[in-house]
Every structure is written in structure tokens, then in C-alpha cells.
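To keep things clear, I will list the structure first and then write my remarks on it.
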Amino acid sequence: MKRSAVRCKNLTKKFGRNFAVRDVNFELREGNILALVGPSGCGKTTLLRLISGFESPNEGEIYIGGEPVVNSKFVPPEKREVGIVFQNYALFPHLNVQENIAYGISTKKERRNKRVEEMLSLIGLEDYGSKMPHELSGGEQQRVALARALAPDPEILLLDEPFSNLDADLRTRIRSEVRGILKKTDASVIFVTHDQDEALFMGDGVGVMDQGRIIQIDSPEDIFHFPKNPFVANFIGTADFIQGTINDEDTVHTEIGDLSYHGNLPSNETVEVMVRPDFMDVEQVENGVGKVVDRIFRGMHYLYKIQLPSGATLRTLQHHNKKYEIGSKVTIHLDPEHSVVCFQDRSH
Amino acid sequence: MFYLELKRKIDRVPLVVWVSSILITILIAIPLVYLTIRTLGAGPETWELVFRFRTLEIAGRTLALVITVPLLSLGISLPLAWLTTRTDLPFKRTWSVLTALPLVIPSYIFAYVMIVALSPRGMLQQALASPFGIEQIPSIYGFSGALLSVTAVSYPYLLLPLQASLRGIDPSLEEASHSLGHGTFSTFKKVILPQLRPAIASGSLLIALYSLRDFGAVSLLRYETFTFAIYNQYLTPFGGRMIAAALSMILLFFALSLMFAESATRSKAKFYGSAKGSSRKADLVKLGRWRWPALAFCGTVVILFLVLPISVLGYWALRGISAGETVQVVWSSAVNSIQVSVMAAVIVVLAALPIAILTSRFSGRLSQVVEKFTYIGFALPGIVISLSIVFFAVGTFMYQTLGLLIFGYLILFLPLAVGSIRNSLLQINPSLEEASRSLGRTASQTMRSITIPLSRNGMISGAALVFLVTMKELQATLILSPRNFDTLATSIWHATSEAFFARAAVPALLLILLSSIPMMILLIFWHMRENYEKISSSL
């Protein structure tokens, strides 16, 4: 098993009477990327600031590379070996690219220069050493900020919404470049974002935060397919919920039929069944169970909103050749092999 | 962009910053200590004297000036600022520089020019006498003369912030207003003017405080306000200094009320925080036929406040030189002026640096207390500050040394330098300092390698500002200078107060010329900062 890069134990931070971070526990192993995702104000940035040492926790412990940094005495930021890539990059405007990257390297001059060159070639900006930060494009500034944070070979690298200042089309390109660089250097990374796509793309593991707590940490696939609660289901991907009752034979009974279920909720339990827009097929029929109430054209697909007799609505993606008018009746088929996720009914 | 709200609490204030801030704060608190001692020591007979004295009259006169000067300045500055930033006025850049330049003219020089030009037997009367037989023109002594001279030399304190705010307004707000059916005038009134409120409030405060503290113009024009009365009492033996201190207390109360009123409007004005990302330039208003009255307005201001004073000075200088005035004395006082101004600029900026860092980078009680104390120089006139320094220094080796004079300048001008360094520090995103910490540098190493280099522009403009105001300074220089140490300001004062007008003209011209150099540096820096903001907001 790989060494622990960072570990948080019962970490709590309050601002006044509000909990910014509440009883957080997790461990990140060396060479892994953890993507923390959550709505704004969920505490993810505060968690980064606690790890980097710019805030001190009210309770709990933090270990970086196995060493405690807050439990008995407070280790200041400059002694923690934590690299940070800031949302606004925070490149020093009075230093050129080379000097920015060299800023955190404490070795002798020749080795420092060599390291700077290594970093420049790592980010593919070999000829940019003597440029000033304001002469660089947003994407280039981003990569320099990354190189500067990686140059001292930190125990852990923290990235705080690093792509939010980039244009949408640039963002997808840069993020795969950044992921490539991070994997090449085998860095241990905590990456914070509010964008679920980014989290699923960047993370070896994804953690979902809400109101200061980490609700769930799992692989990107598991967090998408097996969310722990409706909040996670809603935040990662799109989800609708319909009421159902657990049957005896690994199925759950709903108004759109009996669906396959392999969870461990007891029989006869009233549950909420999670349905994702890509789970189902709909066909127009005379007396179908659902009624089309809205249709949005998405290029390759139509996104339909379908109302069920109980009043609940489901969203579904259909191929663009399936065009149904609003008001038409449809039947709904779910893949019988596809096991659904159920949660205990919140209204009970 | 400002980052004040991001002050961090986790860092301990570096020891150097902490110790030097406290030391400087104690030193600049001396005038308050003096006033307290004097007030506590004053017996009932002093207070009786103060009440019997023409205090109410003096207060009324002072208040009249404090109210009318900002109003007249606003009337001049608002149209000027709008014309030079938002319209297609020809030669806009030239007008902006020329209309800001009266800032380099000290009030006593403007008052002196008015006396020689407009007084009952002055140049205008004599010019009118022979062709028209006019024997009398309205007197410029008293309120109207004081109002005009103080306004002439202080209205740029409103003009400059108004121009900056007008340039900073997001053009889409105006476009939105136009699209909703409002014309140019209605848009100005309903959309632009409300956003100028903070600039109007802070500029008016500066001008009101300037009127409260002015000494040169009011005394030459024999308009007795607090400063003039305090000076006269200071020169009066037997109890005069007691009354001077009591009057100073009242003046301090006036100043604090003004500052309090301004901070009350500022907290309300927070809504209007300057819009960010306004990298786009606003469309300029086409003046059309209105171009001519606009040009006439700008021209009148420049002629009245810049061209006329300098021409009158030039005329008297030539008259003086041809009458055999020696220029020799002027050189030595010019050298003295430059010497003390350079010393003041360096020392005040060095003292301001730790205070600016403390008050912009660290929150907490110490930071708040220090911040309040730096404003002493804004609240008290040079005369009161000098009296308190003399009170403590008389009889010691410091008395009548250059060191004491520079110390007086330090108390007076510290707020200017702190303000200008703080502004440049507040433009620095604290994440730069955090980046430095995360890369292994301690708090004090970060201060040396990031914070101080990045505040360089603030230090340079602070130094230029202090140089400029020290060149012009009169009251403290009169009282604190070593014996026989004449600067340009004091030689002008001595010549004009003894009505040797020709003798005052050459040093006055030289003073204006020398003060224009730092003024140019300041204008270039302000211009550069705007460009820098444009660059960074387009990134």
C-alpha cells in the first residue's frame, strides 16, 4: 500500500457560530488525485486552507506525509510542503516566469536552474522563462502556476478551482493537459471544484461535500452509479425520484413497473427510486402511462419531461429522431438488467 | 480592485512592523498629549477668557469657509471632470493636466497674487483708473478673497477622484439607462451621480479639512479663522498660548466632526463599490455646439487659476529684478526647500511603510488604533502641531534643529504617504502572499520579497506627494525652522507680509516650478495605474 500523503481526522472549523468544515475524515494516498466537489459555500475552500495552514481548525488533526501539522503544535504554511495553485494563479507580477518557478526552490543555484528548466519543459513553455506574467495567456499563466507549485516537490498539491477563470472551450483542453502533467509527476493532489464534470474527469477519487461535511468519497464510477443519498445523486449527474415499494424478489414496485433492485432495504419499505435521464426508453402509444409536458432540443438529443399519473415528473434523453409533441402519451421502458438505486423515503 | 475584506487573522504581525508602528504612533500622538495637558492645566480663568474672546465670531468665519469652499470646488470640478473624461471635448488630456496643476500653488501665493492684482490700489484698479477714472473696486480682503484663494488651490482634491471614478464606471450601466429611455442629462443625474457619491464625499472632506487648516491665504487676506487666531495668540505674551491651545481644542473638535460625517456617508456608499471588469471604454458624449461653452469654461478655469497667477508673478519678478532685487538669497532658500523636502519625503515614506502594511494586511485592535492615529495630520493644522512640538522640545538639544522640523512634517504628512502606500497594497491580492508562504517563505521573508517590492509605486507616489506638500508648507516651517533657516515658503511669507511684493515674486515662481516636478510624476503614475488596471482586467 502506498504512503499516506494527507490525512484529516475529525476536522472541524467554525466561523463564529457557523460550521465551515464539520467532522471531516479522509485519507489521500501518494500519487492519487482527490476531486472535492460541492456547491459554493460547502466548505471545500476552507478545507484546503486548513490543510495549507492559512486557517487553524477548532478541532481535529491533520497529517501531511504522516507528520502531524496541527495537533500538538501548529506548523506554519511555509513548513508544510504544500503546493497551491490559486484560482487567480497568484503569479508574482514583478518576477518573470523563471523567477516565479524558482521562488520556492531552496537548493543551490545550478540545481535550481536545472529544476526550473525541467519544470518549463514539463509544462511545454521552454522559451517562456524570461517573459513576465502579464505577457502570458490565461492557459499559460495556469501552467506556470502549476510548475511553480510543483517545483519544490511538495508532499501534496492543492488546486482551488483552477479552471474557473478560463473560457469553456479552453477549459476542457487545459484540464486534460493538467491531468497529464500531474500524472507524469506522480503528484498527490486535492482538487477543488464546483463543476461535477471536472470532478469526474480529474479525480481518481471524488468527494462530495455539503454544509461542511464530506458526504461520500468514492471512485468516479461508483459515486455516479451508487450515490449515498439524494443530494449526491442530484449533484453528480441529473436525477429524478419516483416513489416505490420494495418487493420480495429483488425488485421495486413503481408506477412505471417493477424495476430491478439489489440493495438491502427491507421488503414493503416505501422508497424513493432514483431515475437518470439515460436509463429509459419511451415510445408514443395511445394510452401510455406518461404524458410529455416539455421538450428541449439539445442537438443530438431531445430532453423530454414526462409527467406520471402521481404527478411526479421524469426527465429522459431520447435520440433526435424520436420527436414527440407536447401532450402526447408515452410508455416508459427501463432496462430490466439495470439495477436501480433506492433511498428511504424522506417524507416519512 | 480592492482586497480589504480578505485581511487574514492567522499571521502574527512581523516584529519589525509591530515595533516601528507602535513607536511612530506614540511619536505622532504628541499633539494630542500637548492639547490634553494644556486643557487640563487651564484654570477657569482661561476658559472665561476663551468665552469672552471673539471665539464665536472666529468659529462662524471658519465654518463659512469650510462650507463654501467645498461647494464652490464641486461646482468647478464636477463639470471639469465630466468634460475631460466622458465627452469628445478637444484637447482633453491637456485640459486634465492644466486643471490639476493649481494643486502646486500654495494658498498664500494665490492670496498674494490677488492682493497685488485686485486690492484697492492694485494692478486692476490702476489699469482702470486712468481710462475710466475708477477710484474704487470691491475689496478682496475678507471672506470673498479667502473663498476664492482657498478654492483655487484645493479644488483639484475633488477633481482628481471624480475623474478616476468617472473612468471606472461600467459603461453598460449608462447604456442600460439610455436603452430604458433616459437622455444624457437624466442618465447623469440618476445613474452616474449616485456612483460619484463616495468620491464627492471624500474629496469634499479633504477640501473642508484644507480650508479648516489653511493659514497662509486667510492671514494675508485678513480673514480671521481659527488658524490665524491661534497664530496671533501664540505670538501674544502672557496667557496667549493658553488661549491658543483652547482654540486648537475647538478646531480639533471641528475636524473630528467633519471626519465622522464623512465616514458616515462612506458606510452608506458601500453599495456603489466600483464595478469590476469594465475594460470596455464608454462611448463619448458628442458635445456638438456645446463644445464652445465647454471650452470657454475650461479656459476660464485655467486662465483664472493658473495663467493669471503665473503672469502676475512674472510681471512682478521682472519689475523686481529691474529694480535691483537680489536673486542671490533666493538660491539659498531654494536649496533649503529642496533639502528639507527630500528629507521629509524619504523619512515620511519610510515611517509610513510599516503602518501601511500593518493597517492593510493585518486586522485586530492594534491595527485599528494605529490607523486612527495616523489621521492626526489631517485633523490638525501645522500651527497646532508645531506648537505642541515646541512645547516638548524647548530647552532640549532638539529645539531649532532640522530634525525637529522634519518631525513636524512627519506628523503633518504621514496620512498622505500611508494612504498612497495602502492603496497600492490593497491592489495586491493576498493570495500572492499566501503563494509565497506555501512556497516555503516565512511571513517576514514574504514581506521583503513580495509585499514591499509590489508597493513600490505607492512609495514613489507617496514620496512625490510629500515632497510637493513640504515645498508648500508654511506654518510648521515658520515655527520649527532653525534660526536664519529660510525656505522658499518662508521667504515668500516674510516678503508678502511686509508688502515687499516684488521680492516675493521670484521665490514664488521658483516654488511653483519646483513643485511641478513631483506633480508631473504623480500625474504620470495615476495615469499608469489606470492603464495597469485596464491590462489586468482584460486578462
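The values are calculated or read from the model by the stated rules, or taken from the named source; none is laboratory data. Note that the structure is predicted; figures quoted are calculated from it, not measured. For neighbour counting, all protein chains shown are included, and Cβ atoms are generated from backbone atoms with ideal geometry for every residue, glycine included. Accessible surface areas use protein heavy atoms only, side chains included; no ligands, DNA or RNA. Shrake-Rupley method; radii C 1.70, N 1.55, O 1.52, S 1.80 Å.
The number of residues in the range B:504-518 that are within 10 Å of B:Leu468 (Cβ to Cβ) and surrounded by fewer than 21 Cβ atoms within 10 Å (Cβ to Cβ) comes to 3. Restricted to the range B:362-438, the set of helices (runs of 4 or more DSSP H) holding at least 1 residues that are touching a residue at least 24 places away in the same chain (Cβ under 8 Å) and away from every other protein chain (no Cβ under 14 Å) comprises B:365-374, B:376-379, B:382-393, B:402-426. Any idea how many residues of the range A:193-215 are surrounded by fewer than 23 Cβ atoms within 10 Å (Cβ to Cβ) and either at positive phi or in contact (Cβ under 8 Å) with a residue 24 or more places away in the chain (or both)? Total satisfying the criteria: 11.
Could you list, in sequence order, all residues of the range A:20-60 that are in a strand (DSSP E or B) and either within 14 Å of another protein chain (Cβ to nearest Cβ) or buried (at least 17 other Cβ atoms within 10 Å of the Cβ) (or both)? Steps first, please.
So in the range A:20-60, the residues in a strand (DSSP E or B) come out as A:20-29, A:33-37, A:59-60.
If the condition is that a residue be in a strand (DSSP E or B) and either within 14 Å of another protein chain (Cβ to nearest Cβ) or buried (at least 17 other Cβ atoms within 10 Å of the Cβ) (or both), then A:Ala20, A:Val21, A:Arg22, A:Val24, A:Phe26, A:Leu28, A:Ile33, A:Leu34, A:Ala35, A:Leu36, A:Val37, A:Gly60 are the ones that fit.
Looking only at residues in the range A:64-75 that are open to solvent by less than 40 Å² (accessible area, probe 1.4 Å) and either at negative phi or modelled with pLDDT under 90 (or both), the one that is nearest to the chain's Cα centre (by Cα) is A:Ile64. Looking at A:Val178, A:Val192, just one residue is over 28 Å from A:Tyr304 (Cβ atoms) and part of a helix (DSSP H, G or I), and that residue is A:Val178. Pairs meeting the criteria (first residue in the range A:250-265 and free of Cβ contacts under 8 Å to residues at least 12 places away in the same chain and outside the structural domain of A:His333 (by TED's automatic domain parsing), second residue among the charged types (D, E, K, R) and open to solvent by 30 Å² or more (accessible area, probe 1.4 Å), beta carbons under 8 Å, at least 6 apart or on different chains) are lacking. If you go through the range B:122-136 one residue at a time, do you hit one that is touching a residue at least 60 places away in the same chain (Cβ under 8 Å) and open to solvent by less than 30 Å² (accessible area, probe 1.4 Å)? Checked the range B:122-136: no residue is touching a residue at least 60 places away in the same chain (Cβ under 8 Å) and open to solvent by less than 30 Å² (accessible area, probe 1.4 Å). Considering only residues that are open to solvent by 10 Å² or more (accessible area, probe 1.4 Å) and among the hydrophobic types (A, V, I, L, M, F, W, C), which ones fall in the range B:71-102? Of everything in the range B:71-102, those that are open to solvent by 10 Å² or more (accessible area, probe 1.4 Å) and among the hydrophobic types (A, V, I, L, M, F, W, C) turn out to be B:Leu71, B:Leu72, B:Leu74, B:Ile76, B:Leu78, B:Trp82, B:Leu83, B:Phe91, B:Trp95, B:Val97, B:Leu98, B:Leu101. Among the candidates B:Val390, B:Val369, B:Val335, the residue that is open to solvent by less than 30 Å² (accessible area, probe 1.4 Å) and in the same structural domain as B:Ser461 (by TED's automatic domain parsing) is uniquely B:Val390.
Quick one: count up the residues across the range A:324-334 that are surrounded by 12 or more Cβ atoms within 10 Å (Cβ to Cβ) and in a loop (DSSP other than H, G, I, E, B). So the answer is 2. Among (1) assigned by TED's automatic domain parsing to the domain that holds B:Ala502; (2) at pLDDT 90 or above; (3) open to solvent by 60 Å² or more (accessible area, probe 1.4 Å), which single condition is B:Trp292 missing? Answer for B:Trp292: the failing condition is (1).
Any residue in the range A:310-320 that is in a strand (DSSP E or B) and surrounded by fewer than 14 Cβ atoms within 10 Å (Cβ to Cβ)? Spell out the reasoning first.
Kept after step one, since they are in a strand (DSSP E or B), are these residues of the range A:310-320: A:313-319.
From what is left, the residues that are surrounded by fewer than 14 Cβ atoms within 10 Å (Cβ to Cβ) are A:319.
Yes: one or more hits.
No other residue among B:Ala244, B:Ala261 is modelled with pLDDT under 90, aliphatic (A, V, I, L, M), in the same structural domain as B:Val69 (by TED's automatic domain parsing) and over 30 Å from B:Met114 (Cβ atoms) apart from B:Ala261.
When the range B:305-332 is filtered for residues that are within 28 Å of the chain's Cα centre (by Cα), of a type in the set (Val, Ile, Thr) and open to solvent by 60 Å² or more (accessible area, probe 1.4 Å), the ones remaining, listed by number, are B:Val307, B:Ile310.
With respect to B:Asn457, is the statement that it is more than 22 Å from B:Ala345 (Cβ to Cβ) and open to solvent by 40 Å² or more (accessible area, probe 1.4 Å) true? Break it down stepwise before answering.
Details: more than 22 Å from B:Ala345 (Cβ to Cβ): no; open to solvent by 40 Å² or more (accessible area, probe 1.4 Å): yes.
Here the answer is no, as B:Asn457 does not meet what is asked.
Quick check on the range B:196-207. Is at least one of its residues of a type in the set (Ser, Thr, Tyr) and under 24 Å from B:Phe228 (Cα atoms)? Checking the range B:196-207: at least one residue is of a type in the set (Ser, Thr, Tyr) and under 24 Å from B:Phe228 (Cα atoms).
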